[in-house]
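*Asks:* I am attaching a structure below and will ask some questions about it afterwards.
The values are calculated or read from the model by the stated rules, or taken from the named source; none is laboratory data. Computed from a predicted model, the values in this text were never measured in an experiment. Positions of Cβ are backbone-derived with ideal geometry, glycine not excepted, and every protein chain shown enters the neighbour counts. Calculation scope for accessible area: heavy atoms of the full protein, side chains included, ligands and nucleic acids excluded. Shrake-Rupley method; radii C 1.70, N 1.55, O 1.52, S 1.80 Å.
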Amino acid sequence: MPVTVFSPLTLPNGSVIGNRLAKAAMEENMAGAGQLPDEALFRLYRRWSAGGAGLLITGNVMVHAEALTGPAGVVLDAHSPLEPFRAWAAAAHSGGARVWMQINHPGRQVMANMPGVAWGPSAIRVDIGRNSKRLAQPVEMTAEQIEATVARFAETARRAELAGFDGVEIHAAHGYLLSQFLSPLSNRRTDRWGGTLENRARLLLDVVGAVRASVAPGFTVAVKLNSADFQRGGFDAADARQVIGLLAPLGVDLVELSGGSYESPAMTGHSPADERTRAREAYFLTLAEDLAAASPLPLMLTGGIVRRPVAEEVLAGGIDLVGMGTALAVDPDLPNKWRAGGDAAVTLAPVAIKDKAAASAVGMARVRYQLRRLGKGRRTRPGVPPLAAYAQETVLRRRALRRYRTWLQARPIS
């Protein structure tokens with residue numbers, strides 16, 4: 001029988017996802033007091049679980065309390081209480097979905113006004129043109145900091161399993177720390193972590209190995225990887241193919257393919273992509289189909305998918321799992337509507353800002369506006385003016401930044 005969006009998927013570790021639709025990770029920035037999940041996130045994930053997706057992947061959970069992508073980021077480390085995470089996993093399981101925690105370190109992609117650290121493989125600031133100074137100037141990581149980072153990923157994964165999650169997804173895409181090491185544009189090191197792709201992939205491979213060794217065999221370990229950075233001289237599809245091959249022997253169960261970074265935000269549709277791909281909505285489908293032809297691991301594709309025919313086209317191209325972010329932020333019931341035979345789709349007006357980095361930031365603020373409404377038990381408002389959503393988020397970020405500074409000062413340094 002042909003694979004459809006409602007066919008189950010069995011992963012290499014034997015775990016089964018009930019259908020081929022996944023709620024892809026979106027950075028909620030909805031942490032409550034203590035950088036912990038609270039009722040707003042529980043309500044949001046109960047809503048998604050009831051919507052019919054077979055898998056829910058959380059937004060960024062940070063492995064290092066001093067390195068957050070945003071001031072309202074969730075932190076799970078050795079000092080975090082587990083009970084709020086148990087409640088989060090239970091909420092996500094409530095409708096029958098599997099749930100994986102996405103675990104991440106931002107590296108150099110940290111705002112300049114954030115306390116804590118900004119680390120990178122090399123001391124190269126993110127270049128987003130005239131807005132570059134809004135991001136921190138990173139320092140080059142020492143060998144000791146690299147080793148400590150590997151341990152942090154493993155500890156967060158171990159605790160995610162204790163909290164009842166079904167797996168973790170290690171974020172090595174979108175220009176965050178592991179992706180920075182993979183890219184020759186941001187990694188100019190001359191030691192064992194720089195130079196050849198094998199060296200640039202060393203941190204990711206060490207993280208995967210440490211995580212796999214810290215969790216049970218049936219606990220899923222996935223990796224999110226760029227199919228390409230969409231930057232001249234950066235990480236490309238040939239590199240992605242090689243890295244997938246390096247991951248295969250390490251007990252990885254699935255690789256999610258996306259693309260882009262803060263510098264080239266392809267993951268939000270604000271970056272070059274060929275017209276064939278753009279016309280099919282799935283931003284990275286052309287690259288993913290090429291990778292799927294030789295991939296030793298199951299693949300998931302995320303980016304721009306809002307209609308069932310496009311999701312079916314992704315599966316027909318050899319991809320195993322369809323990831324949707326914005327579509328499920330606007331309509332969390334989309335999988336159930338498709339199962340009932342409807343042609344439901346999601347449409348958002350484009351953000352009319354020429355600066356790609358600014359358009360991406362405003363577009364993501366509009367998505368997070370929907371998540372906050374769902375977290376309050378309200379209906380989404382896809383027609384909200386993007387700049388109004390961004391203005392609201394700016395106020396909330398300032399409030400969260402004050403709270404995060406106070407929390408971080410009172411916390412043990414890890």
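*Asks:* Could you please give the count of residues in the stretch 87-128 that are open to solvent by less than 10 Å² (accessible area, probe 1.4 Å) and either touching a Cys at 6+ places or on another chain (Cβ under 6 Å) or part of a strand (DSSP E or B) (or both)?
*Replies:* So the count comes out to 7.
*Asks:* In addition: From (1) part of a helix (DSSP H, G or I); (2) open to solvent by less than 30 Å² (accessible area, probe 1.4 Å); (3) touching a residue at least 40 places away in the same chain (Cβ under 8 Å), pick out the condition that doesn't hold for LEU56.
*Replies:* Only one criterion is unmet by LEU56, namely (1).
*Asks:* Looking at the stretch 304-319, I want the residues that are on the phi > 0 side of the Ramachandran plot and have a partner that is outside any loop (DSSP other than H, G, I, E, B) with Cβ atoms under 7 Å, at least 6 apart or on another chain. Which pairs are those?
*Replies:* Matching pairs, first to second residue: GLY318/GLU289; GLY318/ALA292.
*Asks:* Does ALA329 satisfy being modelled with pLDDT of 85 or more, part of a helix (DSSP H, G or I) and under 18 Å from the mean Cα position of the chain (by Cα)?
*Replies:* For ALA329, the condition - modelled with pLDDT of 85 or more, part of a helix (DSSP H, G or I) and under 18 Å from the mean Cα position of the chain (by Cα) - is met.
*Asks:* Would you mind stating whether LEU374 is outside any helix (DSSP H, G or I) and open to solvent by less than 50 Å² (accessible area, probe 1.4 Å)? Give the steps one after another, and end with the answer.
*Replies:* Numbers: outside any helix (DSSP H, G or I): no; open to solvent by less than 50 Å² (accessible area, probe 1.4 Å): yes.
Judged against the criteria, LEU374 is not a match.
*Asks:* Criterion first (crowded, with 17+ Cβ neighbours inside 10 Å, of a type in the set (D, E, K, R) and within 22 Å of VAL330 (Cβ to Cβ)) does GLU66 satisfy it? Give the derivation first.
*Replies:* Working: crowded, with 17+ Cβ neighbours inside 10 Å: yes; of a type in the set (D, E, K, R): yes; within 22 Å of VAL330 (Cβ to Cβ): no.
For GLU66, the condition - crowded, with 17+ Cβ neighbours inside 10 Å, of a type in the set (D, E, K, R) and within 22 Å of VAL330 (Cβ to Cβ) - is not met.
*Asks:* Under the condition of being assigned to a loop (DSSP other than H, G, I, E, B) and open to solvent by 10 Å² or more (accessible area, probe 1.4 Å), which residue from the stretch 38-52 is nearest to PRO335 (Cα to Cα)?
*Replies:* Checked the stretch 38-52; the qualifying residue nearest to PRO335 (Cα to Cα) is GLY52.
*Asks:* On the basis of being open to solvent by 30 Å² or more (accessible area, probe 1.4 Å), modelled with pLDDT of 95 or more and either within 27 Å of MET111 (Cα to Cα) or not in a helix (DSSP H, G or I) (or both), does GLY318 make the cut?
*Replies:* Considered against the rule, which asks whether it is open to solvent by 30 Å² or more (accessible area, probe 1.4 Å), modelled with pLDDT of 95 or more and either within 27 Å of MET111 (Cα to Cα) or not in a helix (DSSP H, G or I) (or both), GLY318 comes out as no.
*Asks:* Has the stretch 251-272 got at least one residue that is more than 29 Å from ARG130 (Cα to Cα), open to solvent by 10 Å² or more (accessible area, probe 1.4 Å) and at pLDDT 95 or above?
*Replies:* Looking for residues that are more than 29 Å from ARG130 (Cα to Cα), open to solvent by 10 Å² or more (accessible area, probe 1.4 Å) and at pLDDT 95 or above, one finds at least one in the stretch 251-272, hence yes.
*Asks:* Follow-up. Take the residues in the stretch 316-369 that are out of contact with any Pro (no Cβ under 8 Å at 6 or more places or on another chain) and of a type in the set (Lys, Arg); name whichever of them is nearest to LEU291 (Cα to Cα).
*Replies:* For the stretch 316-369, the residue satisfying everything is ARG339.
*Asks:* Consider only pairs whose beta carbons are under 6 Å apart and that are at least six residues apart or on different chains; among these, list those whose first residue lies in the stretch 400-414 and is closer than 14 Å to ALA33 by Cα and modelled with pLDDT of 95 or more and whose second residue is of a type outside the set (A, V, I, L, M) and not in a helix (DSSP H, G or I).
*Replies:* ALA400/PRO71; LEU401/PRO71; TYR404/PRO71; ARG405/PRO115; LEU408/PRO115
*Asks:* Can you name the residue in the stretch 164-212 that is part of a loop (DSSP other than H, G, I, E, B) and either on the phi > 0 side of the Ramachandran plot or among the basic types (Lys, Arg) (or both) and, of all such residues, is nearest to the chain's Cα centre (by Cα)?
*Replies:* HIS174
*Asks:* Residue check: is PRO2 surrounded by fewer than 24 Cβ atoms within 10 Å (Cβ to Cβ) and either in contact (Cβ under 8 Å) with a residue 60 or more places away in the chain or closer than 26 Å to LEU301 by Cβ (or both)?
*Replies:* It is true that PRO2 is surrounded by fewer than 24 Cβ atoms within 10 Å (Cβ to Cβ) and either in contact (Cβ under 8 Å) with a residue 60 or more places away in the chain or closer than 26 Å to LEU301 by Cβ (or both).
*Asks:* Then there is this: Only residues in the stretch 91-107 that are without any contact (Cβ under 8 Å) to a residue 60 or more places away in the chain and farther than 15 Å from ALA160 by Cβ count as the first member; pair them with residues that are assigned to a helix (DSSP H, G or I) and open to solvent by less than 10 Å² (accessible area, probe 1.4 Å), Cβ under 7 angstrom, at least 6 apart or cross-chain, and list the lot.
*Replies:* SER94/SER49; GLY95/SER49
*Asks:* Okay, moving on. With the condition kept exactly as written, say whether any residue in the stretch 45-61 is over 17 Å from the mean Cα position of the chain (by Cα) and β-branched (Val, Ile, Thr).
*Replies:* No, because not a single residue in the stretch 45-61 is over 17 Å from the mean Cα position of the chain (by Cα) and β-branched (Val, Ile, Thr).
*Asks:* Under 7 Å between Cβ atoms, which residue pairs at least 6 apart in sequence (or on different chains) link something in the stretch 191-217 that is under 28 Å from ALA160 (Cα atoms) with a partner that is of a type in the set (Gly, Ala, Ser) and buried (at least 19 other Cβ atoms within 10 Å of the Cβ)?
*Replies:* Cβ pairs passing all conditions: LEU204/ALA172; ALA210/ALA154; VAL211/ALA154; VAL211/ALA157; SER214/ALA154; SER214/ALA157; VAL215/ALA157.
*Asks:* Out of GLY51, GLY32, I need the residue that is among the small types (Gly, Ala, Ser), touching an Asp or Glu at 6+ places or on another chain (Cβ under 6 Å) and farther than 23 Å from ARG402 by Cα. Which one? So that I can check it myself, show each step before the final result.
*Replies:* Values: GLY32 fails: farther than 23 Å from ARG402 by Cα.
Result: GLY51 is the single residue among GLY51, GLY32 that is among the small types (Gly, Ala, Ser), touching an Asp or Glu at 6+ places or on another chain (Cβ under 6 Å) and farther than 23 Å from ARG402 by Cα.
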